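As structure tokens, the structure follows; a few thoughts come after it.
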Amino acid sequence: MSDRYQSLVSSPLGKAVGKRLGLPVPPRIRRHEPGMPVVAGPVLLGGARGGGLRDAAEDALRSIGAHVLASAPDAGEDVRGGLAALVYDAGGIDSSERLRAVYDFFSPLLRRLEANGRVIVLAGLPAEAGSAGAAVAQRALEGFVRSVGKEVGARGSTAQLVRVANGGERAIESTLRFLLSARSAYVSGQVISIEARDAEAIETPGDWEQPLDGRVAAVTGAARGIGEAIAETLARDGAEVVCVDVPAQGAALSAVANRIGGTALQLDITGADAGPRLADHAVHRHGRFDVVVHNAGITRDRTLARMSPQEWDSVIAVNLTSQERISAELLDRDLLGAGGRIVCVSSVSGIAGNRGQANYATSKAGVIGLVETLAGPARERGATANAVAPGFIETAMTKAMPLGIREAGRRMNSLAQGGHPADVAETVAWLASPGSGAVNGNVVRVCGQALLGA
Amino acid sequence: MARDTSKVAVLGGNRIPFARQNGSYARASNQDMLTAALDGLVSRFALGGEVLGEVAAGAVLKHSRDLNLTREALLGSALSPRTPAYDVQQACGTGLEATLLVANKIALGQIEAGVAGGVDTTSDAPIEINEDLRQLLLEANRTRSTVGRLRLLGRLRPGQIVPALPRNAEPRTGMSMGEHQAVSTRRWGITRAEQDEIAAASHQRLAAAYERGFFDDLLTPYLGLERDQNLRPDSTPQKLAKLRPVFGDGPEATMTAGNSTPLTDGAAVVLLASDRWAKERSLPPLAYVVDAETAAVDFTSGADDLLGAPLYAVPRLLARNRLAIGDFDFYEIHEAFASQVAMTLKAWEDPAFCSERLGLDEPLGSIDRERLNVNGSSLATGHPFAATGGRIVATLAKLLAERGSGRGLISICAAGGQGVTAILEAA
């Protein structure tokens, strides 16, 4: 996971040279470590008149243990360390003229946001807006947040828009925790929707450090890379993890499973019997799965004109068809427990497309389609289905890319660096949390706000 | 001590693919391979950090430094270091005998769960110093005076540098196992064609088992090897017929490198437990251990075949369990040599042998070839001596679990004129 360029331009000499040449200097972004507080400094909470999310946000922030400020203290007084996060309820903005409120709130404060700071704008669903003008205004917030993300990224800070449905106000804590914390280090410029859910569908984990205690999670492609990080992170959060990978990866898979006290299941997920075998494993060994992470994926890159039918077929089979079949099997046999979580790994390529990846991008866009179709059935049984879409993540797979493409992939995002497998894993863990019961049908990019497909 | 015995379940197994001598595992030690096999089992059943009743395993070819081989492997594995372990050694019967030792303790309620297995390397073989030199050095150690030691030094001869290599030979006859079996092959009139047919079927069936994913939950790749290195899926009797005989003399020699097992490296282990232990962990039993019988024969006088002990063990086992030879759905007869399998089948069909040697009124009977070694056996997988028992127990247990009913017979011949046999039944 070495980023030599980042080390070079961060050194005293490199910094001086880099600055003169106008080279981008990637910030050192803070990532979660056990024992870290959710948010290290004061959180300023503001809101536009007429918004209904401020109280819920304040309750959530207090539960998190954040130091909440209602108004900006005078510069130089008791905020010597600056502000760790700015949270703003924009749900009350019902016309384009009133969008001025976000300018008024953020413009004077942005410079006081610390490095690795967080900007979170809370909003309503445009579809639920009371008027055409309100819908336009709520939609407009997307452009605002995405631009802020690009402005604050140079210091390792992020900006997100959280849209909360009427009736979803009490379900925002797990999402606020994730977005405020260092767990979301490589997530920026995202729009996350929170559904209306019955109060009983929203569980509050007894221990937010071990939210998956007593839960069983299956992770495909767990032998290495992102899958390995997901398995480790879910185990850290208390889950009993069933690590799945092809038999050929069995040695690495076994090592991962033993390291996290989980189970190794060697299974070719493209086999006709893969769904039944995984389901049988759930029945015999655990009775159910609470979390299923469809992570296994392959690339067979080649421009379409030169691509062989096998290169097309294998990518679609592993990356998409297997996810469909296994999900269907588990849902048909009712093996996804109440409060179940399906998390599918898509890709920024699936959103933006990529030269030489027609097969891969098709499969990964299909994964987004799968999540859209699963969201309804999941909601009916009190479960959720979401996707994460990683951008450039430092893995053995990206290490094998040609230097030019690799460097471009790394730098062309708001944080000017590649993500770590753990960044994807933390995002999966948030979606898998029992506290995230109202986060459904989302596609969350873990890409440092990459320019691709933005 | 008398108490009720409890059922002993085979919950599963794990092995590493078997490698040909000086193949993929040329630089792996017995301890490395046994640790890998154990770790694969631990991850399959989420046993990380668990204290088990015991782990019993062994190796046939062993360095003198490996006096506590199984315990050392366990300490390197993901199991709790508080799990006891010991070594077992009964030539090629080691793996199955270890299984029976653990199973019997579970049956008696002395332990609830354990692991049994074995490992062998013919690549990382123990090489000993020349026996003459060893005696000389021992005497030097006993000699007190410097003059005396110098005098001993004068007895050093260049020939003493030649090391002693482990030999695949019976100490009491000086004949290799292959040479012994060549005698038996001729005695029983086993043809070359019969042997080659058994060998080809072994390869073809093993290949088919791999193709259908049978080993996905019985095997963990190791050092880049995903399947048994000895496997030749395209093996046919016609191709095998072209090989030159390696054991026996003259035109009657029929045993080739193709219908005899090659020297192999590998390790295999199985997980055994009481029903209660299995249920507590939601681990479904694949099969139960029903009974076992070990026999030995008088091969030094030439009265019996070196690899003929199972011919005696199985009839006793059947009689005790009131079973006929036809009452099994699967037969796992270890293929030390194709001719050993053919000899076994022939002996049990032979009225003279069954009456004179086994004391039976009628021949024991025939075995349906379609139920024999259905997923191949040692001719195709290879035969790391002590690992074979674990391979067979896990394979048969899974076959029975897939079938959902029935029973299977295991027969393993071993050096020193011994044979270990057992019955498993579906869970």
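The values are calculated or read from the model by the stated rules, or taken from the named source; none is laboratory data. This is a predicted model, so every value here is computed, not measured. Cβ placement follows ideal geometry from the backbone for every residue including glycine, while neighbour counts extend to all protein chains displayed. The accessibility values were calculated without ligands, DNA or RNA, using every heavy atom of the protein model including side chains. Shrake-Rupley method; radii C 1.70, N 1.55, O 1.52, S 1.80 Å.
List of remarks:
Conditions (1) small (Gly, Ala, Ser); (2) free of Cβ contacts under 8 Å to residues at least 60 places away in the same chain; (3) touching a strand residue (DSSP E or B) at 6+ places or on another chain (Cβ under 6 Å), marked per residue:
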position	(1), (2), (3)
B:Thr236	no, yes, no
B:Arg244	no, yes, no
B:Leu263	no, no, no
B:Arg276	no, no, no
B:Pro285	no, no, yes
B:Glu293	no, no, yes
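- Lone qualifier among B:Gly109, B:Gly95 - being touching a residue at least 40 places away in the same chain (Cβ under 8 Å) and within 19 Å of B:Pro310 (Cβ to Cβ): B:Gly95
- Of the residues making up segment A:115-134, not one is in a loop (DSSP other than H, G, I, E, B) and open to solvent by less than 10 Å² (accessible area, probe 1.4 Å).
- Counted residues, segment B:37-58 - those being out of contact with any helix residue (DSSP H, G or I) (no Cβ under 6 Å at 6 or more places or on another chain), away from chain A (no Cβ under 12 Å) and outside any loop (DSSP other than H, G, I, E, B): 1
- Hits in segment B:14-36 (condition: within 15 Å of the chain's Cα centre (by Cα) and within 13 Å of chain A (Cβ to nearest Cβ)): B:Asn14, B:Arg15, B:Ile16, B:Pro17
- Qualifying position, being under 12 Å from A:Gln190 (Cβ atoms), in contact with a Cys (Cβ under 8 Å, 6 or more places away or on another chain) and not aliphatic (A, V, I, L, M), among A:Gly448, A:Gly391: A:Gly391
- Residue count, segment B:17-49 (criterion: among the hydroxyl-bearing types (Ser, Thr, Tyr) and more than 17 Å from B:Leu219 (Cα to Cα)): 1
- Selection within segment A:236-255 - open to solvent by 20 Å² or more (accessible area, probe 1.4 Å), over 19 Å from A:Ser322 (Cα atoms) and within 11 Å of chain B (Cβ to nearest Cβ): A:Glu240, A:Ala251, A:Ala252, A:Ala255
- Pair list, Cβ < 9 Å and 6+ apart or interchain, from segment B:339-361 residues that are without any contact (Cβ under 8 Å) to a residue 60 or more places away in the chain to residues that are of a type in the set (S, T, N, Q): B:Leu345/B:Ser366; B:Trp348/B:Ser366; B:Glu349/B:Ser366; B:Asp361/B:Ser355
- Any chance B:Asn373 is surrounded by fewer than 18 Cβ atoms within 10 Å (Cβ to Cβ) and modelled with pLDDT of 95 or more: no
- Matching residues in segment B:291-307 - criterion: being farther than 13 Å from B:Gly93 by Cα and of a type outside the set (Val, Ile, Thr): B:Asp291, B:Asp298, B:Phe299, B:Ser301, B:Gly302, B:Ala303, B:Asp304, B:Asp305, B:Leu306
- Under the condition of being surrounded by 24 or more Cβ atoms within 10 Å (Cβ to Cβ), in contact with a Ser or Thr (Cβ under 8 Å, 6 or more places away or on another chain), under 23 Å from A:Asp237 (Cα atoms) and not acidic (Asp, Glu), the residues counted in segment A:407-432 number 6.
- Residue in segment B:162-178 that is touching a residue at least 60 places away in the same chain (Cβ under 8 Å) and touching a Phe, Trp or Tyr at 6+ places or on another chain (Cβ under 6 Å) present: yes
- Any hit, segment A:360-377, residues being at pLDDT below 95, open to solvent by less than 30 Å² (accessible area, probe 1.4 Å) and in contact with a Ser or Thr (Cβ under 6 Å, 6 or more places away or on another chain): no
- Residue list for segment A:82-96, filter: among the hydrophobic types (A, V, I, L, M, F, W, C) and part of a strand (DSSP E or B): A:Leu83, A:Ala84, A:Ala85, A:Leu86, A:Val87
- Checked against the criterion of being of a type in the set (Val, Ile, Thr) and touching a Lys or Arg at 6+ places or on another chain (Cβ under 9 Å), segment B:93-107 has at least one qualifying residue.
- Selection within segment B:253-299 - among the charged types (D, E, K, R), away from chain A (no Cβ under 14 Å) and assigned to a loop (DSSP other than H, G, I, E, B): B:Asp298
- For segment A:257-298, a residue qualifies if it is of a type in the set (Ser, Thr, Tyr) and surrounded by fewer than 21 Cβ atoms within 10 Å (Cβ to Cβ), and exactly one does: A:Thr270.
- Test for A:Ala385: is it under 19 Å from the mean Cα position of the chain (by Cα) and surrounded by fewer than 24 Cβ atoms within 10 Å (Cβ to Cβ): no
- Checking segment B:197-210 against the condition returns a match, with at least one residue being surrounded by fewer than 21 Cβ atoms within 10 Å (Cβ to Cβ), away from every other protein chain (no Cβ under 14 Å), in contact (Cβ under 8 Å) with a residue 24 or more places away in the chain and in contact with a helix residue (DSSP H, G or I) (Cβ under 6 Å, 6 or more places away or on another chain).
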